[in-house]
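The values are calculated or read from the model by the stated rules, or taken from the named source; none is laboratory data. Bear in mind the structure is a predicted one, so any value in this text is a computation, not a measurement. Cβ placement follows ideal geometry from the backbone for every residue including glycine, while neighbour counts extend to all protein chains displayed. Accessible surface areas use protein heavy atoms only, side chains included; no ligands, DNA or RNA. Shrake-Rupley method; radii C 1.70, N 1.55, O 1.52, S 1.80 Å.
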Amino acid sequence: MNPYALSMIVSSLALGTILTLSSYHWILAWIGLEINTLAIIPLMTKTPHPRAIEAATKYFLTQAAASALILFSSILNAFTMGEWAINVPSHPIPATLLSIALAMKLGVAPFHFWLPEVLQGSTLQTGFILSTWQKLAPMALLIQLSQSVNLTLMLTLGLLSTIVGGWGGINQTQIRKVLAFSSVAHLGWMVAILKISPSLTLLNFFLYILMTSTLFLTFISLNTKNMYELSTTWSKTPTLAALSMLSLLSLSGLPPLTGFLPKWLIAQEMIKQNMIAFALMILLSTLLSLFFYLRLTYSMSLTLAPNLSSSSLLWFNPSKNILASPMILSLLLLPLTPTIMVII
């Protein structure tokens, strides 16, 4: 891609997100979301493959429908309440419509059907942007809307997302589809606790972005697209394979890794709110996700390819230095829980 065009696209992505994050008016936030959507499409279609074009079309139609619903519900809210500001209490009906539209933008079940297909049709680099940067703006709006949303709707969407995210990823062999279903399951946790504790949603979101970024950067550096290609990883980069195995287990939420922290705090908060049955169900649904993370772990670290790679071991490859900081943070943040609790 032309470097001038690429710099313009990246600038537009940054502009759209920053505009939405810093806006207090629904129309301004909507404009930021639109800029974001339009900026990512050239990145998705830069490889002129039918699957990439299909993915870009699906993404555009879904995001356009969600944007239209955001515009309609914000106008309805302004009509009923006489207020365009985002951070003031909204009327229950527009608030429900807005939360559904933002769930659609994020890929929360049952509005998740576009996400695995779009990620599968994109490159790993574009998938990385879609799974992390593109979720910042809608999530920021959802957190600002947290006091107006319907608790029953949020709990239903949250539980459904964790079940669908776990169930959908079990039979997948493509890395991008597995990460898409993993995204759906994590969003379920964030949405479930949104009304009760928005600060925990924010913490979970930041840790999700950190752990997902680590895995995407790992798979980009290994140039791995499916589970079968993972079996050659150990023979080529043993250190990276071992650390990536721990990153996958962290994303699944196993102690004593970073991923256990948000699940522990969310379950604890739900039990405090006397939602013991719901906490039990959402924790049991996490076992579904754990199964496919363990499959990835097994393929990556516990199997060797029949024909071992004849290349020399890449123990100290300078191109993988970028992974050092996110990898450490993805694994070792759990002991800092008391400090994080004071901050939030």
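Just a few scattered comments:
- For the stretch 283-299, 3J(HN,Hα) per residue [Karplus equation, 6.51 cos²θ - 1.76 cosθ + 1.60, θ = phi - 60°, Hz, x = Gly/Pro]: 6, 5, 5, 5, 5, 4, 5, 4, 4, 6, 5, 5, 4, 4, 4, 4, 5
- Protection proxy ranking, highest mean first, for peptides 57-66, 107-116: 107-116, 57-66, where packing is the per-residue count of other beta-carbon atoms within 10 Å, averaged.
- Structure-based [θ]222 nm, the chain - -39500 (n - 2.57) summed over DSSP H runs of at least 4, per residue, nearest 500: -24000 deg cm²/dmol
- Karplus-based coupling profile of the stretch 95-109, in residue order and whole Hz: 5, 5, 5, 5, 5, 5, 4, 6, 5, 5, 5, 7, x, 7, 5, with θ = phi - 60° in 6.51 cos²θ - 1.76 cosθ + 1.60 and x standing for Gly or Pro.
- Average Cα contact separation per residue, the stretch 1-120, under 8 Å, 6 or more apart, as relative contact order %: 23 percent
- Heavy-atom accessible area, probed at 1.4 angstrom with all protein chains present, ranks Thr339, Thr237 as Thr339, Thr237, highest first.
- Charge dipole of the chain about the Cα centre (unit charges at C-beta), most positive-ward option of Leu210, Ile9, Ala192: Leu210
- The residue among Leu249, Ala101, Phe181 whose Cα reaches farthest toward the positive pole of the charge dipole of the chain, with charges on the beta-carbon of Lys, Arg, Asp and Glu, is Leu249.
- Between the amide H of Leu333 and those of Thr258, distances stay under 5 Å, these residues lying 5 or more places away or on another chain, with hydrogens modeled in the peptide plane.
- Table column - 3J(HN,Hα) (Hz), the stretch 326-331, Karplus curve with 6.51, -1.76, 1.60, x for Gly and Pro: x, 5, 4, 5, 5, 10
- Taking the Cα centre of the chain as reference, the dipole from Cβ charges on Lys and Arg (+1) and Asp and Glu (-1) amounts to some 460 debye.
- Here the simple spin-label model places points 7 Å from the Cα toward Cβ, and for Thr132 and Thr57 these points are separated by 3.1 nm.
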